[in-house]
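Undergrad: I am attaching a structure below and will ask some questions about it afterwards.
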Amino acid sequence: MNLIHVIVLAIIEGITEFLPISSTGHMIIASSVMGIASNDFVKLFTVAIQLGAILSVVVLYFKRFFQTLDFYVKLIVAFIPAAIFGLLFSKRIDALLDSALTVGITMFVGGIILLFVDKWFSQSVVKEEKQITYLTALKIGFFQCLAMIPGTSRSAASIVGGMSQKLSRKAAAEFSFFLAVPTMFAATVKKLYDFYKEGHVFTGEEIKLLAIGNVIAFIVALLAIKTFITFLERRGFQLFGWYRILVGGIIIILIVSGHDLKVI
C-alpha cells in the first residue's frame with residue numbers, strides 16, 4: 001500500500017461515509033481494482049480511517065455532544081443492536097466483506113428503495129433529535145444492523161429507519177451522523193484489537209499512512225456532511241438511488257461477464 005492508495009481510499013471514505021451510497025462497498029471495490037484488497041493492513045486501514053470521518057461529526061455538531069445526558073442515552077440505546085449483532089455474527093460479516101457480488105446486489109436493491117423513500121415516508125412530525133424517544137432510537141438501531149451487509153450503507157439504513165419513524169429527512173440524517181460515532185468507533189477498536197491479536201505489529205510507515213488517511217478522511221467528510229444536508233433538504237434521495245442502481249448494475253455486469261472483482 002502506497003501514498004496514492006491512501007489518498008484515494010481516504011477521499012472515498014470521507015465522501016461516502018455519511019452519504020447513503022455505502023462507503024464500505026466503494027472501498028471494497030476500489031481496493032480490489034487497485035489490487036491491494038487482500039492485504040491485511042489494507043483491510044484494517046479501510047476501517048481505521050473511519051475515526052477521521054467521525055471526528056468531523058463531533059466538530060460540526062460540537063454543541064450537540066455537550067448538552068444533555070439524554071442525548072448519550074439515546075445513542076447508546078440505538079447502538080445496542082449493532083453491538084449485539086456484530087459480536088454474534090462477526091465471522092459471517094467478515095466473509096461477506098470478501099464478496100464484490102454482494103456489494104453489487106445490495107447497491108442495486110438499495111438504490112431502488114431510495115427512489116421511493118421520499119414518497120413512502122413523506123409525513124414527518126419529528127424535526128429534531130430532542131423529540132426522538134428511546135423506543136424510536138432502538139428501532140433506528142435495528143435498521144442500522146442491515147448495514148452489516150456490505151453495500152447496504154449504514155447511513156442509508158439508519159436514515160430510512162429514522163424516516164420510517166416519522167423523522168424529517170434532516171432529523172433522520174443528523175441522528176444517523178450522531179449514531180455513527182459510537183458505532184464506527186467500536187468497529188475500529190475491534191478491528192485494531194483483532195489485528196493485534198493475530199500477531200501484527202504496526203511499522204512506522206503504516207502508522208504514518210493511517211495518520212495521513214485519517215486527516216484526509218476528516219477534511220473531506222466535513223465538506224461532504226455540509227453538502228449532503230443541504231442537498232437532502234432540497235432534493236431528497238432520488239439522485240442517490242439512481243447512482244446506486246448504476247454502480248450496482250455495473251458491478252453485477254462485470255462479475256457476470258467474467259471480470260475478477262473478488263476481494264479475496
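Just so you know, all these numbers are worked out from the coordinates, no wet-lab data involved. On a predicted model such as this, the values are computed, not experimentally measured, just so you know. When we count neighbours, we look across all protein chains shown, and the Cβ atoms used for this are built from the backbone with ideal geometry, even at glycine.
Undergrad: Give 43/119; 74/170; 63/208; 119/191 a once-over and call out the pairs whose C-alpha atoms are over 27 Å from each other. Kindly include the intermediate steps, with their values, before the conclusion.
TA: On the way: 43/119 38 Å; 74/170 17 Å; 63/208 31 Å; 119/191 38 Å.
Table pairs above 27 Å Cα-Cα are 43/119; 63/208; 119/191.
Undergrad: Rank these for me by crowding, 17, 198, going from fewest to most other beta carbons within 10 Å.
TA: Starting with the residue having the fewest Cβ neighbours, the order is 198, 17.
Undergrad: If you don't mind, there's one more thing I want to ask. Could you bin all the Cα-Cα distances of region 3-256 into 5 Å bins starting at 0 and give me the percent of pairs in each, rounded to whole numbers?
TA: 1, 6, 13, 19, 20, 18, 12, 6, 3, 1, 0
Undergrad: Between helix 69-88 and the chain, what is the angle of the helix's C-alpha long axis to the longest principal axis, kept within 0 to 90° and rounded to the nearest 10?
TA: 40
Undergrad: Enter the mean projected area of the convex hull around the alpha-carbon atoms of region 142-187, in nm², rounded to one decimal. Before the final figure, lay out each step's value.
TA: Details: hull surface 11.7 nm².
Directional mean of the projected Cα hull area for region 142-187 stands at 2.9 nm².
Undergrad: Under unit Cβ charges (Lys, Arg +1; Asp, Glu -1), what dipole magnitude, rounded to 20 debye, does region 3-256 have relative to its Cα centre? Each step should come with its number before you reach the end.
TA: Details: 22 positive and 15 negative charges, 155 e Å.
Magnitude of the dipole: close to 740 debye.
Undergrad: Still on this model: Which of 107, 184, 34 has the fewest other C-beta atoms within 10 Å, and how do the rest follow up to the most? Display every interim value, and only then the final one.
TA: Values: 107 28, 184 19, 34 15.
Sorted ascending by nearby Cβ count, the order is 34, 184, 107.
Undergrad: Just to confirm the number: angle between the C-alpha axis of helix 238-256 and the first principal axis of the chain, 0 to 90 degrees, nearest 10?
TA: It works out to around 30 degrees.
Undergrad: In what sequence do 73, 103 fall when counting other Cβ within 10 Å, fewest first? Numbers along the way, then the final one.
TA: Details: 73 12, 103 30.
Least crowded to most crowded, the residues run 73, 103.
Undergrad: While we're here: Report, in degrees rounded to the nearest 10, the 0 to 90 angle that the Cα long axis of helix 169-197 makes with the longest principal axis of the chain.
TA: With both axes taken from Cα atoms, the answer is about 30 degrees.
Undergrad: If you take all C-alpha pairs in region 1-151, what percent of them are over 18 Å apart?
TA: Values: 7581 of 11325 pairs.
Pairs farther apart than 18 Å: 67 percent.
Undergrad: In the neighborhood of residue 143, defined by Cβ-to-Cβ distances under 14 Å, what is the net charge if each Lys or Arg adds +1 and each Asp or Glu adds -1?
TA: On the way: positive: 139, 154, 166; negative: none.
Its environment carries a net charge of +3.
Undergrad: Which value in deg cm²/dmol, rounded to the nearest 500, describes the helix-derived mean residue ellipticity at 222 nm for the chain, given -39,500 (n - 2.57) per DSSP H run of n ≥ 4 and division by the residue count?
TA: Working: 12 runs with 195 residues, N = 264.
My calculation for the chain gives -24500 deg cm²/dmol from helical runs alone.
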